[in-house]
1. Counting only GluC sites (Glu not before Pro) that sit in a DSSP loop (anything but H, G, I, E, B) with at most 10 other Cβ atoms within 10 Å, what is the longest stretch of the chain containing none of them?
2. Would you mind checking the tilt of helix 94-105 against the longest principal axis of the Cα atoms of the chain, expressed as 0 to 90 degrees and rounded to 10?
3. In whole angstrom, how long is each semi-axis of the equivalent ellipsoid of the range 152-243, when you take the square root of 5 times every eigenvalue of its Cα gyration tensor and sort them from largest down?
4. Name the residue farthest towards the positive end of the dipole of the chain from the options 119, 148, 182, assuming +1 on Cβ of Lys and Arg, -1 on Cβ of Asp and Glu, about the Cα centre.
5. Among DSSP bridges having both ends in the range 106-243, what percentage is antiparallel? Round to the nearest 5.
6. Averaging sequence separations of C-alpha pairs under 8 Å and six or more residues apart, then dividing by the length of the range 69-131, give the relative contact order as a whole percent.
7. Where both partners of a DSSP beta bridge lie in the chain, what percent of those bridges are antiparallel, to the nearest 5?
8. Against the longest alpha carbon principal axis of the chain, how many degrees, from 0 to 90 and to the nearest 10, is the axis of helix 2-30 turned?
Amino acid sequence: HKSAMLKPRSFAMAFLVAILSASSVLAQATAKPAAIVGTSYGKHEIKSVIKNALTVSKELEYIFVNCGDALPVADLDKYSLVIIATAVSKPITAEENKLIDAYLRKGGHLLIINRPVNSMAKTIGFRNLTWLGIRRVYWARKGFDCKALKPNHPMLKGAFEKYKNPAWLRGSIMATVKPGGMENIIGGSGGRCLVGMNRVGKGWVVFMGHELFRLKPQANKDTAGWIQILRNVIATAQPLTTA
């Protein structure tokens, strides 16, 4: 009798394992890699982001495609996250701008590092980047003191654990947010933004002003906080990993 009772349970357990295994395979199949793009000093930034943020540890590395210096607008849907650093080699067209907006609304993610949007908008005009939620990105020669305006924001988790007032809180590449546009996460008065997030449909755009490769560890022992924000942003987009 005991043997007869165990068979249905064993079958049910095997069936459950099969379902979970199938779900895991499906999740892997639907996950997408990240893409990274940049030119000029962006080439240095790409290397730094790959080393410090896309490679988290021996156990966790994100799968990514280095797309060179041009934004892969026609292939955006292949990626869960597109990281654009410093500059791109050619501006986008009005039609490509619409494709970016559509990609975000469907659940895509963009990480804008430094000033690539200026070169992207060179032909169509900055104000037409309606998905961005900011008025401009500019270089402030003397810099501005910033602070965490949304200290409990998920993007800042762990960023200030060791250093409460890191040197990188003084920003030189800044954005000016639009009223009702990008959420100012780290910034200052007058809508000045060092780290911000704009939700577009099911997706989002994150702006980060600093280039990581310029935050030399010798001069900024708190660079780990900026790296943590990068890692938080990437993790939130859930790209495919080696795991």
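Read the figures in this text as sums done on the coordinates, not as results from a lab. Note that the structure is a prediction, hence the values are computed from the model and not measured. Because the Cβ atoms are built from the backbone with ideal geometry, glycine has one as well, and the counts that use them run over all protein chains shown.
1. Maximal segment without exposed cleavage sites: 60-160.
2. Tilt of helix 94-105: around 50 degrees.
3. Working through the eigenvalues yields semi-axes of 21, 19, 11 Å.
4. 148
5. Antiparallel bridges: around 80 percent, rounded to the nearest 5.
6. Relative contact order of the range 69-131: 41 percent.
7. 60 percent
8. 20 degrees
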